[in-house]
Every structure is written in C-alpha cells, then in structure tokens.
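The values are calculated or read from the model by the stated rules, or taken from the named source; none is laboratory data. The structure presented is a predicted model; accordingly, all values stated were derived computationally and were not measured. For neighbour counting, all protein chains shown are included, and Cβ atoms are generated from backbone atoms with ideal geometry for every residue, glycine included. These area figures cover heavy atoms from the full protein model, side chains too; ligands, DNA and RNA do not enter into them. Shrake-Rupley method; radii C 1.70, N 1.55, O 1.52, S 1.80 Å.
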Amino acid sequence: MDKLICKCGHENPPGTVLCESCGRPLNEQEQNKKLADMRYEGTARRSQTYNKSIIDKIWNFFSSVKVGVGIIIVLLIAAALGTILPQKQYVPATTDAAIEAYYTDIYGSVGTVYHALGFHDLYNSFWFIGLVGMLAISLIIASLDRFVPLYKSLKNQRVLRHSSFMRKQRILAEGPGDADTLKKAEEKLTDLKYKVSTDKNGLLAEKGRFSRWGPYVNHIGLIIFLFGVMLRMMPGFYVDETLWIREGETRAIPDAPGYVLESKGFTLETYTGEGEEEKFGEAIDRVGTVAKNYQTDVVLYKIPEGALPGDTADMEMVEEHAIRVNQPFKFDGYALYQMDFQQDELKTMSFALQNKETGESRGDLTIDLVNPETNYELEDGSVVELLGYYPDFSGFENGEPQTATPLPKNPGFLVKMTTPDTPDGETSFITIQNTVEPLGDNDYKLAFQGVETRDASGLTVRKDRTLPILGLGGLIFMIGVAQGMYFNHRRFWIQQQADGSILLAGHTNKNWFGLKKDLDQVTDHASLPAYRDQQEDMEAQEKREGEQLT
Amino acid sequence: MSTEKKRNKKKNRTIMRSVILLLLVAAIGYTIYNSVTADEVEVLRVGDAAPDFTLTDLDGETHKLSDYKGQGVFLNFWGTWCEPCIKEMPAMASQYDVYEDQGVQILAVNIAQSNFEVETFARQYGLDFPIVIDRDKSVMTAYNIRPLPTTMLVNPQGEIQRIVTGEMTEQDIAGFMEEIKPE
C-alpha cells in the first residue's frame, strides 16, 4: 500500500482516515460523512496497514476487537459448561482412573465426553488455559496496535486544522468576532485549566488528555492479573493442601519444606445455654447442639537449615498455637486453617485375660492401636503376645488377615495367650464383637474392657505468593477504569479568518454536557458566536423527517 | 522515504512482532506444560535430582540417600494396607538377591506405620532389604507421593530415572533394576 498524500502536503501512513497534520478527510467515505470519526483520531490502526508475512497475519488476527470479544464469549460458554457436571475435586474418587470411571458410571456417555474434553478439571485443561492465553495476547496486541498511533497522533497534533475537519466536529460555531476575541478566549480557557497553544491565527485548548489512556491502563492491569494467575501454576507460588493430623501425631506439612506440625488436641465446644449463655437457651432447645468453637492446638517445629527430610532429631520448636475457624495460624507466608474434624477415632483398647469357665481374670492389658507392643505381661507370669495387628481388618485373603487402611477403624488382633494353666499358649483372633479360635477351643479369652479415643483435625495449608500481584493488577485495572470514566479529554480549536470571522470546533471523548458548560463560559467572556451541536441537530432533523413520514 | 529505509522498517516490524508473539506463546506454553504435568507428580519429574533424606530402619540403622551415590537405588513407598504393595514385595526381595551384588540398593519406605506392624510384615515375608519408616511423612511429602505403591528409580548419579506408580511384576522390577545398575 502507498502513503496517502494530503492536499496540505503531509504524507500519511496507508489506512489513515483524517490527515495527521491538518485533519482533512482522506477518503471519499469520510468526506461524505457529516461528522468526523474521531476514534483513534482518524489514525490508521497499525494492523490494517500491513498484511504481508505470516507474522503480520497472526498479528492482525489478534489485533481485532471482534476476535477478542469472540474469545471472551467462548470462555464464558466453556466456563458455563464446566458447571453442568461437578468438577473433579467434588467427585468422590481420588485416583485419575477412578475419577474417569466415576463420570462414565454416573453420567453415562455424556460423562465420558465431558471427562475426555477436560471439562471435569476445566481451569487446568490445556485448551482452557490456551484460550485465556489467547485472550491475553489479544489484549496486548490490540492495545499496542491502537495505543501507539493514538499516542503519536495526539503528541504531534497541530494547532491549525483544515476548515473541513473543524466543520465535521460535533460542536461548531461560526460568526463574526472582535480583534481581541482569541486573546480573551485564551484567557478564559487557561482559567478553566485548559492547556492552550497558539499558532498564527488559531489556538488549540486541551484538557484531560490522559483520560484517553484509561482503556490501555485498564488492559495493563488485566495482563498483570492474568500473569499472577499464571504464576499460581508454578511450583512454590501457590499451595492449597489438606493435612489430616490426629491428636498426638507429628506430621510434615505438605508443600512447606522444613516445617513439621504436632497436634496437641482437638476441641469442639458447644453452647451450654447456662450462665451468660442463657439467652441462647431457647435456640438450643429448638435445634439441639450449637457449635461454639472448633479448635486444634498445635506446635510448629522447623527442621534446622541443612537438615534432611526425615531427620527430626534437631527440630526446633517455633511456636505453639491454637487454630480456630477463621483464625488461621500464619507463619512464613503459610496459613493453616481449621477446616474439618473427625471425632472419637479409636486410640487404645483394653482387655481382661479371663478364664472362660470361671470368669477369673489374670489381669488387664491395654493395646496402643497407634504403636502396639509385642508382649503384655500380666499377673502370675501370664503373658499375652501380639502376633499380628490389622488396624482396619477387612477379611482374610489366602488365610492372611488384611487391613484396608492404616487407621484403627476396625482393629483385629492375632494373639497368643499363655497362663500357668495353659503353658503352651492359646491362639485367638480378636476383632470388635467377634473372636475366632483358629487352633481349637481355648480356655482363656480376652474380654473387652473399654476404649480410649482421639480426634483428628482436618487442616488446610495455604500459601499464595501471587496475592500482591493480583492486588496490583486489580488496582491498576481500577485506576484505568477511573481514568477513562471520570475524566474527559476536551479540546477546542478556534481560528480567526482574515475577515475577522471566528470558526470554532469542540470535541470530547465523553460528557458533552461538561464540554458545553465550559464553552458557555468562554462564549460569555470572549463574546464568541453561538455554537450548535451538530449531532443533536441531525437527530432532531431525523425525528422531524420520521414524524412527517407517519 | 527511500526503498532501503522502507525495507528496514518492514524488517524491524517483523522482528518486533515475532519477538512479542514468541514471548507470549512461550509463557502460555510453559503454563500449560506446568498445569498438565502437575497432575502426576507436582514437584518431581524424571531427570530431577532425587531429594536427599535420612530415615532409620528396623534395626536402628540410619540410611541416607546420598550415601548410596554410585549405586542405583530402588526407592519403594509402601504400607501394609496397600494390596499391590504387599504383592510386589516378594518379587522385590528375590530381585534384590540378584542385583544387590551389582550395586542396586532397595530402600522400602513405609508410610508412618508402627514398628510392630512393619516388623511383623517383614518377618512374615522374609524381607532382607532395609525397610525404613517415614514417621512424620516428611519424605513422602518431599517426594510428593500420592498413590501407593510408588517407586522412584534413582540412578547412580542421584537423579530420578523413572517414576512408577502401581504394581510391578517381577519382570518389571528386574528391568528397572537393570536400568539403574551402575556401569
């Protein structure tokens, strides 16, 4: 494409609508318009200018606002579809295969397709991230393509514009003027905080140009925000893990290298309805129990610098802390939240070694279900030897007792009981409410006496190093919005012709009412000719024509 | 404007646009790569250095991973409640007899169970390779182990050669040990 040479002699880049120098319309379409298209000051959007190499073609694709809006619509539809079936974290399955099977089992072929397309984990599916990335590219390229020419054009704008440019502005005034009209107008406009520049017989008054950068600042904010979201996927920036810890346990904190947590105990308090809480009595009677406090008392340890995982000998205590709902324990960028609990898990079981016939006891023993011992010595040289322990007994396989989980939910014990009466020992397999005597009838049994329980706390481990970036992005976004919304870029061009008559044009990117108010004051002060609003005139005329037709 | 100037401008434009597009595409590509691989093992990938640790075995002996540099280490995470773990143990024991002399070490890391359970189990299956207990799950956390069994094959340079989740046959085990055998 060739340069467009204006009548005034200025060379404009191809695609320009209004001459960069004098403002004359450069194509027939623009010449026939009653009002000039002032978006981007009539400059050529750069992508429209060149369209040769493959790079240019890609660039042009992303430069289009239509493409940007299209991507947003596709994202919206995808996000909406993602809410139709539950996301994978709300599905009662943990392994990938089980999750896949779940969608097929519950939702049939729809579920299979849903899973195959990645809708079950939408925000992590490659095509969704790809689309968000394309939106980011579109934001950056579309902004660059518009901002650069607009910036150049406003920076290099001339004071004197061709009369055809001025007559195509919405606010227009023509009429006789005095010798000091321009001077007085300049006075008043400066008074109104306009920046005034003059050239020969004309002046240009401008105010609030920075309002034109609002959309671009806004986009910078969005890009920073998206960058923050992208960082979340990088290791070390974002942690959201669950830690189940039981009373008395010491556990490494997931994704918090070097930190170890010990649970001292879990407390669930309820309102009693007595004393000061008497006023809640009625409510408590109505709904039963009402929780007052969920709390886990913990001790935080740190493994010394240079020590390896598993080397807990030199752990240093950092802090004791009570974690309550909405009162997380914060340390070194991490936060531990009280999220869940499990009460009354078995901790120990007590038995009495009894003679089945006489009921005579040889003494009691307590088995620690978390860390059982092998031998339990009782009175008169009686011994109970633990041969096998199955914390969550789930049946036999090839004659071997199995455990389903490492948690003592349904403990099973294989024991050998030796007493002075039965010196060879008797073998028994004991589970809750059931005893099997695999090697024949026994004289002795372990009679269940009682249990001790403990609670488990479900904690959430959170770290989010991207929050400041997201905050910054949000702030810049809002600054951009305010900049574009609450400030206006107002301009007046005034020229005094050789015969003393005045030609005035006004333009603003928004809030024409405010522009007119400014102009009213200037007109008063400098006795300018009365102005008219060409767009309102046009609308009024169209209305009249419409009325005539009906 | 002269044609040469014009050509230069065009060249610069193409370079500029290519660089911007390349940077953006690289950022998106990296994000997608991270999110797709994060599902499996969040921190560790094949080729990474295996995080060092020290754990104590049933005899009270300390095992430090870096002490086995120069040997292949077959690092198996397991628990007595995990069926496939139990099934592959005897196969591991018999391949250990073959490869121990060729410089492959097995470390079986039990996940936070009691001495009693682990000892009984080892005795029952006649396991003679070192079994260490990760009492506070710190090694499990460092290796980001999710499903059991998971086996990390560490080569003589101390790098992760392969990550195996799920049950292995005796043939698999022999093949893996061959992979990490020192030259």
Segment B:154-179 residues near the modelled B:Tyr125 label - backbone nitrogen below 13 Å, point 7 Å along Cα→Cβ: B:167-170
Residue-averaged beta-carbon neighbours from other chains (10 angstrom radius) around B:11-23: 4
Full-stretch length increase - B:Asp59, B:Val46 - with 0.36 nm per residue and alpha-carbon distance subtracted: 1.5 nm
Summed residue charge, Cβ within 10 Å of B:Val132's Cβ, Lys/Arg positive, Asp/Glu negative: -2
Entries of A:Lys168/A:Lys543; A:Lys330/B:Lys137; A:Lys7/A:Lys193; A:Lys7/A:Lys510; A:Lys7/A:Lys57 with Cα pairs more than 27 Å apart: A:Lys7/A:Lys193; A:Lys7/A:Lys510; A:Lys7/A:Lys57
Chain A - percent of accessible surface contributed by carbon and sulfur, probe 1.4 Å: 53 percent
Contour excess over end-to-end distance, with Cα ends at A:Thr431 and A:Thr374 and 0.36 nm allotted per residue: 18.8 nm
Length-normalised contact order for chain B - Cα pairs under 8 Å, 6+ apart - percent: 28 percent
If the convex hull is drawn through the Cα atoms of segment A:125-278, its volume per residue in Å³: 340 Å³
Å² of accessible area per residue within segment B:39-183, as computed with a 1.4 Å probe and no ligands counted: 41 Å²
Choice from B:Lys87, B:Lys137, B:Lys11 with maximal GNM fluctuation in chain B (Cα, 10 Å cutoff): B:Lys11
Relative contact order of chain A, pairs being alpha-carbon contacts under 8 Å that are 6 or more residues apart, as %: 18 percent
Nearest-10 value in Å² for the accessible area of B:Thr165, using the 1.4 Å probe: 80 Å²
Links that overshoot a 30 Å alpha carbon limit, given the list A:Lys302/B:Lys87; A:Lys155/B:Lys10; A:Lys347/A:Lys463; A:Lys3/A:Lys183: A:Lys302/B:Lys87; A:Lys347/A:Lys463; A:Lys3/A:Lys183
Semi-axis lengths, Å, the protein assembly as shown, gyration tensor of Cα atoms, sqrt of 5 times eigenvalues: 79, 32, 22
Per residue accessible area in Å² of chain A, where ligands, DNA and RNA are left out and the probe is 1.4 Å: 53 Å²
Burial of 10 Å² or greater, segment A:52-74 residues [accessible area, probe 1.4 Å, versus chain by itself]: A:Lys52, A:Ser53, A:Ile55, A:Asp56, A:Ile58, A:Trp59
Reduced Cα scattering model of segment B:111-183, Debye log10 I(q)/I(0), q = 0.14, 0.19 Å⁻¹: -0.57, -1.03
Computed over segment A:167-239, the ratio Rg/Rh where both radii use C-alpha atoms and Rh is Kirkwood: 1.39
Over segment B:54-180, equivalent-ellipsoid semi-axes from the Cα gyration tensor in Å: 19, 16, 15
Within chain A, helix-based [θ] at 222 nm, where runs of 4 or more DSSP H residues each add -39,500 (n - 2.57), nearest 500: -10500 deg cm²/dmol
Accessible area buried at the B-A interface, both sides summed, 1.4 Å probe (Å², nearest 100): 4200 Å²
Cα pair count fraction exceeding 24 Å, expressed as % - segment A:348-452: 18 percent
Solvent-accessible area, 1.4 Å probe, carbon plus sulfur percent, for segment B:54-180: 42 percent
Table column - 3J(HN,Hα) (Hz), segment A:107-120, Karplus curve with 6.51, -1.76, 1.60, x for Gly and Pro: 10, x, 5, 4, x, 4, 5, 4, 5, 4, 7, x, 5, 6
Sequence of A:Tyr114, B:Tyr33 from largest to smallest accessible area, 1.4 Å probe: B:Tyr33, A:Tyr114
